[in-house]
Amino acid sequence: MLRSLPVSPGAIVASKFAGGLLLTIGGSLLVIAAGGLAHWLGWFAPRGGVSLIISLAFSLALVLVLEGLFFLVFFTWDYKRASNVMLLPLLGPLPLAFSSFFRPVIRWVVDRISVDSWYYLMGLLLASLICYLAIGLLAAWVFSRRDVG
């Protein structure tokens with residue numbers, strides 16, 4: 001239906017990506033606010049390990065990349081194939097099967113997280129946002145070349 005309107009394919013893709021980004025960031029801010037309120041009310045107090053902000057940042061980075069891949073597959077093929085993208089997080093335990101191969105990478109990531117460095121955290125968020133925008137440009141290019149008729 002959108003292709004029948006006087007709207008360019010690039011505008012269609014850009015609106016989907018912008019809406020998805022706003023919803024993701026808005027939802028993340030609500031989760032951070034709810035977590036801060038629960039901590040302030042004394043409902044929970046994180047003890048050691050990875051802080052709440054770091055875990056939320058990693059989750060946000062993962063969601064941005066998955067959302068971008070979802071939209072790319074959606075605009076390339078269809079919704080049914082795009083819904084399979086959301087199964088990718090199930091590959092998370094895969095490093096456990098190849099622990100000797102992934103151990104140096106996991107150790108490096110854990111060392112950087114334990115430093116609690118905002119530099120790496122902001123770099124991760126920036127990299128995921130750049131990836132999201134790059135996937136958006138690729139989706140716009142693919143969708144503009146797709147024959148919908």
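Below, the figures for the structure above:
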| read-out | value |
| --- | --- |
| Length gained when the stretch Ile53-Leu30 is fully extended (0.36 nm per residue, less Cα-Cα span) | 7.0 nm |
| In nm, spacing of pseudo-spin labels at Asn84 and Leu138 (7 Å Cα→C-beta vector) | 1.7 nm |
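No lab work stands behind these numbers, since they all come straight from the coordinates. Computed from a predicted structure; not experimentally measured. Cβ atoms come from the backbone with ideal geometry, glycine included; neighbour counts cover every protein chain shown.
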